[in-house]
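Each remark here refers to the structure printed beneath this line.
Each reported figure results from applying straightforward, stated rules to the coordinates on display, with no laboratory input. Computed from a predicted structure; not experimentally measured. With ideal geometry, Cβ positions are generated from the backbone for all residues, glycine too; neighbour counts draw on all protein chains shown.
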Ligand SMILES: Cc1cc2nc3c(=O)[nH]c(=O)nc-3n(C[C@H](O)[C@H](O)[C@H](O)COP(=O)(O)OP(=O)(O)OC[C@H]3O[C@@H](n4cnc5c(N)ncnc54)[C@H](O)[C@@H]3O)c2cc1C
């Protein structure tokens, strides 16, 4: 991560910045660029629009680092409701879950049971569950829980982060389990002992993992990036692949590129967050593209305009 990116992370973790962003119209406008809305109905409306344009979605109920059981139970119930709606609406969709939202911080047993419940419900509704990858405090537990739950149910997937130095080993371990593996660069601030820091290094690590993943027919690769170099290499590797794979991109990021890939007939899934707990998610999107924060600051200044606050990348 560059110094500038680290500075953005520090600024957005400051409580004053948090109040400024969550409590002002420009802040909420900024969030609406990346978040479907506050509730499931809003997410379903956006998912329907995307489906009409040939895109599938992964519904992500915002929330992480949950510290008490009622909140983890509420998240579980909301995800069950999401799976029911996916089937009722006939949407090409699955769900993406964060294990700390399902109690990993205080009760890993609850998390394991919750994942079982979701995998089973998803199976009944004809869809799948993807496990997001959070920061490195949770990598081992996430990989372990994915492996055991996938072995029982067979309809899960997990995200692996190219910037982590341990990921080649995790990938080798998980490939025999089938499922879908989402490869991304990684969005958290990690120390140099654990993670590659420079942009070029992270891209090179992604390319190495991409070769392995795209050449393995046991899994469905989900290539989660907006980086042209990585997308081009994926398309080259796809020519030699017999099984399916998909691209994944974030809602609100590089929409013209999303349209081009879908129009060319490639499977593309949009990661679609919804819910009121959007601040931590937004801070990661700002760190990836600090220019987003500049537009927000401009909108706050006297005479600033919060309409069209973040230009379409
Ligand atoms: C579907 C999906 C799921 C993900 N799941 C996880 C996860 O579980 N765990 C995790 O750690 N990370 C996750 N990520 C985030 C990922 O790790 C990266 O932080 C993020 O995708 C940016 O990396 P990039 O590969 O797009 O490359 P970058 O080099 O960051 O971006 C390439 C180009 O895309 C555009 N772009 C990228 N990000 C933004 C943005 N925020 N705003 C505007 N333009 C942007 C810019 O034009 C940029 O030049 C996920 C990403 C996607 C797409």
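Looking at residue 205, is it part of a strand (DSSP E or B) and either surrounded by fewer than 18 Cβ atoms within 10 Å (Cβ to Cβ) or out of contact with any helix residue (DSSP H, G or I) (no Cβ under 7 Å at 6 or more places or on another chain) (or both)? Please lay out each step first, then the result.
Numbers: part of a strand (DSSP E or B): no; either surrounded by fewer than 18 Cβ atoms within 10 Å (Cβ to Cβ) or out of contact with any helix residue (DSSP H, G or I) (no Cβ under 7 Å at 6 or more places or on another chain) (or both): yes.
No; evaluated as a whole, the condition is false for this residue.
For the range 73-99, give me the residue count where each residue is farther than 18 Å from residue 274 by Cβ and part of a helix (DSSP H, G or I). Quick ask: steps written out before the conclusion?
Our first condition is that a residue be farther than 18 Å from residue 274 by Cβ; within the range 73-99, this holds for 73, 90, 99.
Now drop any that are not part of a helix (DSSP H, G or I), which leaves 73, 99.
Residues flagged as farther than 18 Å from residue 274 by Cβ and part of a helix (DSSP H, G or I) within the range 73-99 amount to 2.
Residues that are within 20 Å of residue 63 (Cα to Cα) and touching a helix residue (DSSP H, G or I) at 6+ places or on another chain (Cβ under 6 Å): list the strands (runs of 3 or more DSSP E) wholly contained in the range 120-196 that include at least 1 such residues.
Working: elements: 129-131, 156-161, 180-184.
In the range 120-196, 129-131, 156-161 are the strands (runs of 3 or more DSSP E) which contain 1 or more residues that are within 20 Å of residue 63 (Cα to Cα) and touching a helix residue (DSSP H, G or I) at 6+ places or on another chain (Cβ under 6 Å).
May I ask you to list the residues in the range 251-298 that are near the ligand (Cβ under 10 Å from one of its atoms), over 28 Å from residue 41 (Cβ atoms) and part of a loop (DSSP other than H, G, I, E, B)?
Result: 289, 290.
Just to be sure before I move on: is residue 164 in contact (Cβ under 8 Å) with a residue 24 or more places away in the chain, surrounded by 17 or more Cβ atoms within 10 Å (Cβ to Cβ) and within 11 Å of the ligand (Cβ to nearest atom) in the structure I sent?
On the way: in contact (Cβ under 8 Å) with a residue 24 or more places away in the chain: yes; surrounded by 17 or more Cβ atoms within 10 Å (Cβ to Cβ): yes; within 11 Å of the ligand (Cβ to nearest atom): yes.
So residue 164 passes the test.
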